[in-house]
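Each value in this text was obtained by applying a stated rule to the coordinates, not by laboratory testing. Being a predicted model, the structure only gives us computed values, none of them experimental. Cβ coordinates were reconstructed from backbone atoms using ideal geometry, including for glycine residues, and neighbour counts include every protein chain displayed.
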Amino acid sequence: MKRETPAKRSPANLAARIVARTNRERPADHELKETLHNLRDLAPGDARWISRAVFAYFRWREWLDAKRTLESRLDQAMGFADTYARTPDRFPDDDLIGGVVPEWVSTVMDVTKDWARTLQGEPKPWLRARPGKGAELLEKLGGLEVATPGVLPDSILYKGRDDLFRTAEFHAGEFEIQDAGSQAVGICCAPKPAQKWWDMCAGEGGKTLHLADLLKNKGLVFGTDRAAWRLEQLRTRALRAKLSNWQCVRWEEGQPAPGIGAFEGVLLDAPCSGLGTWGRNPHARWTALPTDVAELAVVQRRLLGIAAAAVKPGGRLVYAVCTLTRAETTELCDAFDKEHPEFAPDPVPDPFGVSPASARHFFWPRQTKGNGMFVAVWKRSKTVAPAAPTIAPLPAVEPASGAVPEAPAEPAAT
Ligand SMILES: C[S@@+](CC[C@H](N)C(=O)[O-])C[C@H]1O[C@@H](n2cnc3c(N)ncnc32)[C@H](O)[C@@H]1O
């Protein structure tokens, strides 16, 4: 695409053009990234304003005056964002709950006042420092706040205004930008050094790198994904982090699994409807469809069956999704429990220290100060044999394009 001259267009006009171009196939975060990349000469303050305005527009969309121009609605949205940041109580719960997400959402999960409230705040980026290096990183970068001590080790909430991707520490591999909810998944996996793990939907490697770090650069994390371009990102990140206990290979359902009963641990960070990322990625609230939930639950169930077969007797199976719908969380796990007597729920501590140990955790955005996540953990018995399948094979369903959030908006967060 041709580079533009920023002087020709005001930030409000650029933001309006981005909003106007978005749709289910062209999510706002991608449109924004591409536009800002093509306008590299833009003043940092203007680029920040455009990002905030585009996300504020989709966050406050239902409150905006449809009679105004798009540029004027963007200004109005920024006004709501600033007022909400300063005085959230000016927006009563009942008012918020009616406008933050489409009505169909209440048929697939409980839309609570608390969730509605957290969805309207502007999320901050989380960093994951290399193991034990959080304090050092705090010294080097300004504007950081450590997470509650003792909870989520190495996690830091960034409150500064710098572009973290441009810092020397980022290029030296001293930290990853990774949402706290995603970090909690790695902690629930709790891999032990020298173990071999399969990260089945590794994507760009957020959790692969975390597992590799938790394995103390020993053992192996075998990352697979169907998207080759995502695995390229994983390779770049792993090299930057100077990790050597990983491999990655393109793999998708339908191909032979990399090992039957071969892994001490398998993580399925499954493609999902992404409702847990709607705080960071408000555009997705208005493009997701209720049919995504049911279709993705079918895919998740098939992938979980493949993941289960790859776990060694005595090994662990971890299922994670950045969504909060019943079909993709508890209902899916209940069905798995019935079909797989060789797996027993394996309670793990809540990394946020809020709930008692459990084999299933919902991490709500209130806790994570980021994305909502669901995690379930099982242990494979050394003695119980897998049950013969009693259900008819499930139909193949391809998730509709755009249903799987590519990269969470407002600094990457996987
Ligand atoms: C939630 S994302 C993974 C995020 C990643 N684990 C991380 O932490 O950065 C889900 C991934 O599943 C992959 N995927 C979707 N369907 C798949 C399939 N049938 N087989 C393999 N991978 C699939 C997508 O390409 C996507 O990268």
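When you restrict to C-alpha pairs under 8 Å that are six or more residues apart and normalise by the size of the range 180-380, the relative contact order lands at 23 percent. What you get for the range 180-380, charging only the Cβ of Lys and Arg (+1) and of Asp and Glu (-1), is a dipole of about 700 debye around the Cα centre.
The HN-Hα couplings worked out from phi for the range 223-234 by the Karplus form 6.51 cos²θ - 1.76 cosθ + 1.60 (θ = phi - 60°) are x, 10, 6, 7, 9, 4, 5, 6, 5, 4, 4, 4 Hz, whole numbers, x standing for Gly and Pro.
Working from the Cα coordinates of the chain, the gyration tensor eigenvalues give, after taking √(5λ), semi-axes of 35, 25, 20 Å in decreasing order.
Dipole size of the range 39-91 about its Cα centre, with +1 on Lys/Arg Cβ and -1 on Asp/Glu Cβ: approximately 100 debye, rounded to the nearest 20.
Which one of Leu137, Pro92, Ile50 is farthest out on the positive end of the charge dipole of the chain, using unit charges on Cβ (Lys, Arg +1; Asp, Glu -1) and the Cα centre as origin? Farthest towards the positive end: Leu137.
In this Cβ point-charge picture (+1 for Lys and Arg, -1 for Asp and Glu), the range 309-375 has a dipole of about 280 debye about its Cα centre. Other residues within the sphere of radius under 11 Å centred on the Cβ of Phe263, judged by their own Cβ, net out at +2 (K and R +1, D and E -1). Whole-Hz Karplus values for the range 96-103 come out as 5, 4, x, x, 7, 9, x, 4 Hz, taken residue by residue from phi with 6.51 cos²θ - 1.76 cosθ + 1.60 and θ = phi - 60°; glycine and proline positions read x.
Packing-based ranking of 56-62, 10-16 yields 56-62, 10-16, ordered from highest to lowest mean Cβ neighbour count within 10 Å. For the chain, the longest principal axis of the alpha carbon atoms and the long axis of helix 330-339 meet at an angle near 10°. Angle check, please: helix 28-38 long axis (alpha carbons) against the longest principal axis of the chain (alpha carbons), in degrees 0 to 90, nearest 10. Approximately 60 degrees, to the nearest ten.
Just need log10 I(q)/I(0) for the range 180-380 at q = 0.09, 0.17 Å⁻¹, Debye formula, equal scatterers on the alpha-carbon atoms, no solvent, rounded to two decimals. With one equal scatterer per Cα and no solvent, log10 I(q)/I(0) is -0.30, -1.19.
Considering only Gly305, His37, Gly181, the residue lying farthest towards the positive end of the dipole of the chain is His37, judged by Cα position with unit charges set on Cβ.
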